[in-house]
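Colleague: Dropping a structure here in structure tokens format, bear with me for questions.
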Amino acid sequence: MIQTAVRVIVPPFFYAFVAGTSMNSTRTLIGPFNRVEGDLEIQLDMDTDRVREAWVRVPMYRGFEQILQGKTPDDALIITPRICGICSVSQSVAAAYALADMANVTAPPNGQHCLNLLLACENLADHLTHFYLFFMPDFARAVYAGESWYAATAERFTAIKGTASRDVLPARAAFLHLMGTLGGHWPHTLNLQLGGVSKGVDSREKVRLLAIVQQFRRFLETTLFGDTLEVVAALDSVAALENWRGQAAPHSSDFRHFLHIANALQLDKLGRATDRFMSYGAYHLFAQGVWQPETGSVQAIPFEQIREDLHASWMSGSDEPLHPSQGVTLPNYDKTDAYSWNKAPRLAGEVVETGALARQMVDGHPLIRALVAQSGGNVQNRVIARLLELALVVPQMEQWIKSIQPGEAFFQPAQLPADASGVGLVEAARGSLGHWVTVRNKHILNYQIVAPTSWNFSPRDREGMPGALEQALVNVPIRAGETEPVSVQHIVRSFDPCMVCTAH
């Protein structure tokens, strides 16, 4: 496992961003981070008690968009899942949707149910993994040893050694058996096609799938929530959440345990970014749109106004931000003033946040709307939204399984045109994922991917506007004597980064 390292450096690219920095501040590079997917470094300009500014650096180049050039469109269904080992189904679905858009085909109901089940299984397994194995172990750090809740938290959530690991890993493994039944294996499941899925479900498999999901439900209800999923999903206000939390002891369930810590550390005051949230819509269950904080309402996404800015990216290309359908990916590590392999996606020139919190804000869940109205997007609210989705989606998975009709079609054949363009939009666990593809003479001319972490962890654009995480880290408090600010760790992981999905 990669261990967190901290070193004070002044790399060449950094001078362009810290001109005028106070002589009393410290310039520090934190990274690579442990317990995140891929490589991540955060450049911090710190005073003794707070973070002044932050620069989020993606130091690993992947090149998938170049790999896809010249391939046949069908190859995208095989290549794009390799972008990531923990959200490969999301990449597969986005690729399948992009090709389906080109071919003007939709999956039959059985195919859509299976696709939803595969995507939901991956997303919910990711939410579970993030909470237990990535996020909560930070509260078992020695810096919190003086807190009244520390002993119980360390026993429960210490990485690898805590009792939570022994509980959650078997439950997660059993839940992922759904992938084996529907897709043969995971990751890089290959049965997702532009017209549905290539493997059907018979009556015995339908029973097996329902048993898998119901077993997962029992784990969530007995261990994570200590209550039924329906009760958790129905929480509709801050007062209702606080009342529910107080109905049992803090350690009676892991969700209550988190809420107790969040209240003690005031995590609702940590890591606020733009409060502008975007969701492409998920499972034909959660709505599509963008939450505008100025109006306090959801508006349609102006897809034609998505742009990628290369100003602070190690990329060559247009000085003007381009729509992904026109985008290029040409690496240039010698570029002056650049500091990340990530591009800077913007929606109508604005920074947006994606993820579970964004999905539930756009969809209008009353608890999430109330929490954001009270304290905005922050560490606490991102985690609550992620866990809330477990309570919301598992019952829906049961309904999708019951709706499958064995013997009916799971796949609609389609012919891909020789020259066409398409877009595939999907909600991965971490938020909005888009694939834009252009095909000429039966081969891929251009393929551009904008992942959720591309949005949340973007660098500055040509106007100097920091990305969502860069904004969320400003003015974060630093404890006396800290060299690895634990508050920075909480904020970074509250976004659940997947750095390898910044596929450039």
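Colleague: Among (1) at pLDDT below 95; (2) closer than 25 Å to LEU387 by Cβ; (3) more than 25 Å from the chain's Cα centre (by Cα), there is one condition TRP149 misses while meeting the rest; what is its number?
Modeller: (1) is the only condition that TRP149 fails.
Colleague: Then there's this: Output yes when any residue across the range 379-402 is of a type in the set (S, T, N, Q) and over 30 Å from ALA100 (Cα atoms), and no when none is. Don't jump to the end; show me each part of the working.
Modeller: Of the residues in the range 379-402, the ones of a type in the set (S, T, N, Q) are 380-381, 396, 399.
Next cut, over 30 Å from ALA100 (Cα atoms) only: 380-381.
For the range 379-402, residues of a type in the set (S, T, N, Q) and over 30 Å from ALA100 (Cα atoms): present.
Colleague: Which of the residues that make up the range 424-439 are under 19 Å from PHE286 (Cα atoms) and either without any contact (Cβ under 8 Å) to a residue 40 or more places away in the chain or part of a strand (DSSP E or B) (or both)? Even if it seems obvious, please write down each step before you answer.
Modeller: At the first step, the residues of the range 424-439 found to be under 19 Å from PHE286 (Cα atoms) are 424-434.
Listed by number, the residues that qualify are GLY424, LEU425, VAL426, GLU427, ALA428, GLY431, SER432, LEU433, GLY434.
Colleague: For the range 477-504, how many residues are in a loop (DSSP other than H, G, I, E, B), among the β-branched types (Val, Ile, Thr) and crowded, with 21+ Cβ neighbours inside 10 Å?
Modeller: Narrowing the range 477-504 to residues in a loop (DSSP other than H, G, I, E, B): 478-485, 495-497, 502-504.
Adding the requirement that they be among the β-branched types (Val, Ile, Thr) leaves 478, 483, 502.
With crowded, with 21+ Cβ neighbours inside 10 Å added as a condition, the list becomes 502.
The number of residues fulfilling the criteria is 1.
Colleague: Tell me yes or no: at least one residue of the range 45-52 is modelled with pLDDT under 75 and among the basic types (Lys, Arg).
Modeller: Filtering the range 45-52 down to residues modelled with pLDDT under 75 leaves none.
For the range 45-52, residues modelled with pLDDT under 75 and among the basic types (Lys, Arg): absent.
Colleague: Confirm whether ARG276 is basic (Lys, Arg), under 25 Å from ARG493 (Cα atoms), surrounded by fewer than 21 Cβ atoms within 10 Å (Cβ to Cβ) and under 22 Å from the mean Cα position of the chain (by Cα). Talk me through it step by step, then tell me what you get.
Modeller: Numbers: basic (Lys, Arg): yes; under 25 Å from ARG493 (Cα atoms): yes; surrounded by fewer than 21 Cβ atoms within 10 Å (Cβ to Cβ): yes; under 22 Å from the mean Cα position of the chain (by Cα): yes.
It is true that ARG276 is basic (Lys, Arg), under 25 Å from ARG493 (Cα atoms), surrounded by fewer than 21 Cβ atoms within 10 Å (Cβ to Cβ) and under 22 Å from the mean Cα position of the chain (by Cα).
Colleague: Could you list all residues from the range 202-252 that are within 19 Å of GLU389 (Cβ to Cβ) and either among the aromatic types (Phe, Trp, Tyr) or in a loop (DSSP other than H, G, I, E, B) (or both)?
Modeller: Residues satisfying the conditions are PHE216, PHE219, PHE225, GLY226, ASP227, THR228, ALA234, LEU235, ASP236, SER237, TRP244.
Residue-by-condition table, conditions (1) small (Gly, Ala, Ser); (2) crowded, with 20+ Cβ neighbours inside 10 Å; (3) in a strand (DSSP E or B); (4) in contact (Cβ under 8 Å) with a residue 12 or more places away in the chain:
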site: PHE33; (1), (2), (3), (4): no, yes, no, yes
site: GLN43; (1), (2), (3), (4): no, yes, yes, yes
site: ALA54; (1), (2), (3), (4): yes, yes, yes, yes
site: TYR61; (1), (2), (3), (4): no, no, no, yes
site: ALA76; (1), (2), (3), (4): yes, yes, no, yes
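Colleague: Residues in the range 78-106 that are more than 17 Å from the chain's Cα centre (by Cα), of a type in the set (Gly, Ala, Ser), surrounded by 24 or more Cβ atoms within 10 Å (Cβ to Cβ) and over 23 Å from MET315 (Cβ atoms): how many?
Modeller: The total comes to 1.
Colleague: How about the range 145-164: which of its residues are surrounded by fewer than 18 Cβ atoms within 10 Å (Cβ to Cβ) and either outside any loop (DSSP other than H, G, I, E, B) or in contact with a Gly (Cβ under 8 Å, 6 or more places away or on another chain) (or both)?
Modeller: TYR150, ALA151, ALA152, GLU155, THR163
Colleague: How about the range 338-386: which of its residues are within 27 Å of PHE64 (Cα to Cα) and surrounded by fewer than 24 Cβ atoms within 10 Å (Cβ to Cβ)?
Modeller: Within the range 338-386, ALA338, ARG346, LEU347, ALA348, GLY349, GLU350, VAL351 meet the criteria.
The values are calculated or read from the model by the stated rules, or taken from the named source; none is laboratory data. All of these numbers come straight from a predicted model, not from anything done at the bench. We place every Cβ from the backbone using ideal geometry, glycine too, and count neighbours over all the protein chains shown.
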